[in-house]
Structure formats: C-alpha cells, structure tokens
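The structure appears right after this line, and notes come after that.
No lab work stands behind these numbers, since they all come straight from the coordinates. Just so it is clear, the model here is predicted, and its values are computed rather than measured. All Cβ positions, even for glycine, are placed from backbone atoms using ideal geometry, and neighbour counts span all protein chains on display.
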Number of protein chains: 2
Amino acid sequence: MTDLRARNRQATREAITTAALRLAVEQGPGGLALVRVNDIASAAGVSPRTYNNYFSSREEAICGGQADQSRRAGDALRARPAGEPLDVALTEAMVDLFTDPEPDRAGLRMIMLTPELEGEALRAFTVGETPLAEAIAERTGESGLRPEVTAAAVVAAIRVAGRHWLTPAANRPFADVIRRALECVFT
Amino acid sequence: MTDLRARNRQATREAITTAALRLAVEQGPGGLALVRVNDIASAAGVSPRTYNNYFSSREEAICGGQADQSRRAGDALRARPAGEPLDVALTEAMVDLFTDPEPDRAGLRMIMLTPELEGEALRAFTVGETPLAEAIAERTGESGLRPEVTAAAVVAAIRVAGRHWLTPAANRPFADVIRRALECVFT
DNA sequence: CAATAACTTGCGTGTCACGCACTATTTGCG
DNA sequence: CGCAAATAGTGCGTGACACGCAAGTTATTG
C-alpha cells in the first residue's frame, strides 16, 4: 500500500467532494449560491482553509469526483485485452469505467445541468482526454493528431451520452446509451 | 439593421472581451491574477458595474470572443451548399468559421493554454455544439443521439486542432490542421 | 410628445481565494 | 530508536470580486 500521507490525502479529498456534491444536490440546481464554503468544509470535517488547499472553488470541489473518474480513462483502456480492435476496446473500457457502479442520477444531473457548473463539469470530463490519448497511442503505435482527436471525440460522446441518459424520456441503462453514442463516433 | 440598443450592446460586449483578452495577453499566462476587473472595465470604457452586467467573471470576459465565434457554428454549416456530403460540408464550414480571419496566435494561446482559463475555454468552444447539432439535424433529417454526438466530436476535434496549431513545431496553416483533425473523426 | 422599457452607474455587502506563520503528524536517516 | 526534514492542517488577515438595489440616463413605442 502507498503512503499513509497519500491515503489520508485521498480520503480528505473524497470527503470534501462527496460533501460538496451532496450539499449541492440538497439545494438543487437553483440554489448553488447557498452552498457555502463553510458548509462544505464542516460537512467534510475539515477547516475552510484546508478545503481551500484542495480546491480553489466550490465548483471544482463539486465536480471533483467526476474528474477523478475521468482521469482513470487511460487505465480503463489498458485493462482491455490486447487483441481487441480499438473501437470495441474503447467502447467496453468506457462502459466499464462509467457504469461501475451505475452513476447517481441526482449527482450527475447537478453536475451536468447546472449552468454555473458548466465550465467545471466540462473540465471534469476533459481531464480524461490526455491519459486516454496516451493509452490509445500506446495501443495503436500511432502518434500526433489521431490519438488525441480520438480521445477527445470519445470523451465528448460520453458527455452527450450522459446528457441523454439524464433525460426522463428514454431510461435505458447507461451502458446502452454509451454504446450507442460511441457507435456514432466510429461511423 | 437591428435596434440601436442591440448594436450598442454588441459593441460594448465586444469592447469588453477585446479589452479583457488584450490585457490578459499582455500579462501572459502567468499573470492572470494581475488582470483586475477595474483594468478591464476602464480599458473598455465602461464602469466596473457595467462590465459585471455583461460577464460574471474575468474568465468569461476573456473567452467571450471565442464563445461568440463558436456560437456561429450552426450558421456556418447552413452556409454550405445543400448537395455537399455531410463530412465535407462540416469540414469546410469549420474551416470557413475558424480561419476567417486566421486566429490571433497570442490570444488563442492565452485562452487554450492558461490553466485557470481551462473551464471557461472549454465552455467557449462547447457552446457551439448545440447550434451545430441543430444544423446537422436539419441537414440530415436525423434526430436523437447522432447529431449531438457528431457535433460534439467535431467541436472536440477543432479544439485539438487548435492545440496542435499552437505548438511551435508544425506551423502549418490552421485550415490544414482542421482538415486533418476532422479526417480522424470521419474515420 | 408622453409613457415605458432598457441600459449604465455608484454604493454597500457578503463571500471568497489565498499568502503567511504556526503547529502537529509522518517519514526517513544516522 | 530518536532526531531532523518534509508534509499536512489550521487561524488570521487582506484584497478582490459578484451582485442586489436604487437612481439617473438614453432609446423605443404608440
């Protein structure tokens, strides 16, 4: 196992993000301004100053969990068998990453559908592009534009899939929506 | 022409964004904190309070011009001849939109490569997705996931193209980079 | 030429991000 | 095993900021 320090750090980080997201969900998309830094910090059991050592805005704290998940995109692809063609490897890797477990609807709604969170939400998804592009480059041996464009397109498709999964209309399992969205990318 | 009011409004909006971006470029990516609201407002010839009626953060003001450009993505596609296949229509529309004129390197560098601006920069590009998706849906007659995924993938590719165009290494014209990036999307 | 709507501006306020200095805990080395 | 160095948590103080409110100014409409 790693450092005690590293584990504690990760633990407080998670405590802050989950507290922030929970409080935000409680207030609903309209009352984001009511989620004060003090509330987040005390709900997470740290001082406001410490909260600020981890995140430099409420938005970042709220979306931090999503960002952590996205960052694992590269490893998710590497976990797929080497023989698999790229498109199915990517698809199944994303399904594995984003449906284990099935995401919390309320949390994702808050993150994706609150206007003031839009910038940070995009950032949270986009941070996955670089590690994913690296993993793609490793797998295909290519370099330059293509791996990056592919990664960016995949992440963008996931984002659209999330939006669709949140619409009350078609409540298919998230995995299905992801697969259908990625089919569109792989023409 | 439209309202005097509407034109004035647009003029002050542009005055603020150009002033904000210019000041930010002057300070360089490191000194974003030194670009004060007062400076932006007075450089744009408005009161700080008025600046705040148009934008609710410095980041938004700095990236406002990029956002305005992205918003025209739908119209850019509609301006392409109806007979054109979708992929070339999209490609040429994006080339038309983003290389008329050739963008300012320093400004784009600032927007795309400054960490504190990342969220707003993503937002600035992403606002083009919805109008572009609508234009795609009109052109293809399809609805649902596909137009949205296509639009999101195209915008993502443009973003990657911009990043590559900014690297000192390959200084090809931006139009070339866009075309090569979109080729990757249309597998 | 009123009556109304839209825009600008100054002021006041509550919140926030962060630098700095200090303490406590963990780590790694002699 | 203890001791120095690195690392994390915290309180305080400060400068900046976003925004509500209300008053003044300019455009629009009939």
* Rounded to the nearest Å, what's the spacing between the alpha carbon centres of segment A:66-115 and segment A:37-55? Just the number, please. => 28 Å
* Asked: If you average 1/r over all unlike Cα pairs in segment B:1-81 and invert the result, what Kirkwood radius do you get in angstrom?
  -> 13.6 Å
* May I ask you to report, in nm to one decimal and beginning with the shortest, the distances from residue A:45 to the same position in the other copies, taking label points 7 Å along Cα-to-Cβ? => 5.8
* Asked: Which distances, in nm and shortest first, link the residue B:11 label point to the same label point in every other copy, taking 7 Å along Cα→Cβ?
  -> 6.2
* Asked: So what's the back-of-envelope 222 nm ellipticity for chain B, counting only DSSP H runs of four-plus at -39500 (n - 2.57) apiece and dividing by all residues, rounded to 500?
  -> -23000 deg cm²/dmol
* When the convex hull of the Cα atoms of the protein assembly as shown is projected onto a plane and the area is averaged over all directions, what value comes out in nm²? -> 20.9 nm²
* Pull out a ≥ b ≥ c, the square roots of the eigenvalues of the alpha-carbon gyration tensor of segment A:108-187, then state rounded if a/c is under 1.5, prolate if not and a/b is larger than b/c, and oblate in the remaining case. => oblate
* Cα-only radius of gyration and Dmax that characterise segment A:73-120, units Å -> 14.2, 43
* What list of whole percents do you get for P(r) of segment B:4-185, with Cα-Cα distances grouped in 5 Å bins up to the one holding the largest distance? -> 1, 8, 16, 19, 18, 14, 12, 8, 3, 1, 0
* Once you put a point 7 Å from the Cα of residue A:38 and another 7 Å from the Cα of residue B:8, both along the Cβ direction, what distance in nm separates them? -> 4.2 nm
* Asked: What is the helix-to-structure angle for B:145-166, meaning the angle in degrees between its Cα long axis and the longest Cα principal axis of chain B, kept from 0 to 90 and rounded to the nearest 10?
  -> 60 degrees
* To do: Do me a favour and compute the ellipsoid semi-axes for segment A:37-110 from its Cα gyration tensor, root of five times each eigenvalue, largest one first, whole Å.
  => 34, 13, 9
* Asked: Considering only the label points, 7 Å along Cα→Cβ from Cα, what distances in nm to one decimal separate residue A:99 from the same position in each other copy, shortest first?
  -> 4.1
